[in-house]
Ligand code: AMP
């Protein structure tokens, strides 16, 4: 087992704790798992070590209890996390605000800063902090590093990052476009350049991260120039349960006329919208099954999803001016061949041609799905946010 030198990557959500023990140099994953429904009577852990998976229903009243149980599961397999020679604990932190754009060694001061910017991501940052504190209590001697989901987009050009609202209000309240899924967009775009055998700084690409959350980015020579998420991860593409782009007037209408509170609108747009809102299912596979059964609302939901994707693709094609590659990644992007074909259908005049056979071939590796005559390379690039976080955390520790 390659535990010494590994990084424990933690991604704490409001009621979940996802973890992976991965070696940053080799990419070897010793263990990974997920604690779900923390704080609820139906909580459970799925833990996989060296390919053996166990699931247990166990009461996990809070994140500390969840992390303790995770540590106990490791101990049952002979791994004492405190003494196993971990290089770092790497925490995914959703919002870095204007303060954080580099992977950062966590100190008390850093924790209080993450707390201070929590108003920008009230659903995410407090949960991330709870995970940071739980790990710090149990592993006080292991360095902890925060890797921010917004970091890659920190340098977005002002014209792309600025909302056209009152300048004073925007600057006083730090209202601008931050972008999210940055770790994935950076990892995937670098992998794509490597696959193409070209310097990162010379490749213009559009990355489509299509998972439960979804976002697009335009990357010119390794530098992001636009992305679809905004001040929060609600803007942009249609997602599993999030609306993506919506006229802000709808929000006012929901408040004034429908009499929904801010919290109710927040829940509606974040949890009951997107694919789920339109057809009752937020999971892409379930939507596909509904379509196969002839469900008209699922078909419409799919069409809206594709329409929005093409809208961003078109915009980014123009912003970039010249395009070398389109990369599909995350659960939907890596697996849904039909969606990839529909998204890029009829774009031959733009030099984008998908090869139907390559597109339907399944693999866990980076692969080209464009036809030989396609001027733009179309790639499927499996994302690996955990490995990217582990590498960044290890580097911070090495330099500290
Ligand atoms: P992620 O957030 O990256 O884990 O992606 C989750 C999404 O990927 C869910 O909507 C899944 O339905 C979707 N997904 C996973 N596997 C497949 C598959 N084989 N075909 C289509 N969609 C998939």
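Read the figures in this text as sums done on the coordinates, not as results from a lab. Note that the structure is predicted; figures quoted are calculated from it, not measured. No Cβ is skipped: glycine too gets one built from the backbone with ideal geometry, and neighbour counts run over all protein chains shown.
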### Message
When a/c reaches 1.5 or more, the comparison of a/b and b/c decides; with that in mind, is the chain rounded, prolate or oblate per its Cα gyration tensor?
### Response
rounded
### Degrees, to the nearest 10: 385-399 long Cα axis against longest axis of the chain
50 degrees
### Summary
Rg/Rh over Cα atoms for the range 107-224, Kirkwood Rh, comes to 1.03
### Query
How do 29, 110 rank when sorted from fewest to most other Cβ atoms within 10 Å of their own Cβ?
110, 29
### Message
Angle check, please: helix 182-196 long axis (alpha carbons) against the longest principal axis of the chain (alpha carbons), in degrees 0 to 90, nearest 10.
### Response
70 degrees
### Summary
quick note, the chain, DSSP beta bridge pairs, % antiparallel (nearest 5) is 70 percent
### Summary
Asserting the computed 222 nm helical MRE of the chain (DSSP H runs at least 4 long, -39500 (n - 2.57) per run, divided by residue count, to nearest 500) equals -11500 deg cm²/dmol
### Query
Roughly how tilted is helix 63-76, in degrees to the nearest 10 and between 0 and 90, from the longest Cα axis of the chain?
70 degrees
### Task
Express in whole angstrom the spacing between the alpha-carbon centres of the range 230-299 and the range 75-108.
33 Å
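Return the ratio Rg/(2.2 N^0.38 Å) for the range 164-283, where Rg is computed over Cα atoms only.
So the range 164-283 has a normalised radius of gyration of 1.26.
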### Task
Can you put 327, 279 in order of Cβ neighbours within 10 angstrom, beginning with the fewest?
279, 327
### Message
Which three numbers, in whole Å and largest first, are the semi-axes of the equivalent ellipsoid of the range 137-201 derived from its Cα gyration tensor as √(5λ)?
### Response
29, 24, 7
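Taking the Cβ of each residue in 28, 9, 396 as the centre, tally the other Cβ atoms inside 10 Å and list the residues starting with the fewest.
Ascending Cβ contact count within 10 Å gives the list 28, 396, 9.
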### Task
Hey, for a label at residue 160 modelled as a point 7 Å past Cα toward Cβ, could you say which residues of the range 309-349 have their backbone N under 15 Å away?
312-327
### Message
Give me the percent relative contact order of the range 1-48, please, defined on Cα pairs under 8 angstrom at least 6 residues apart.
### Response
29 percent
### Query
Between the range 134-194 and the range 318-388, what's the alpha-carbon centroid distance in Å?
25 Å
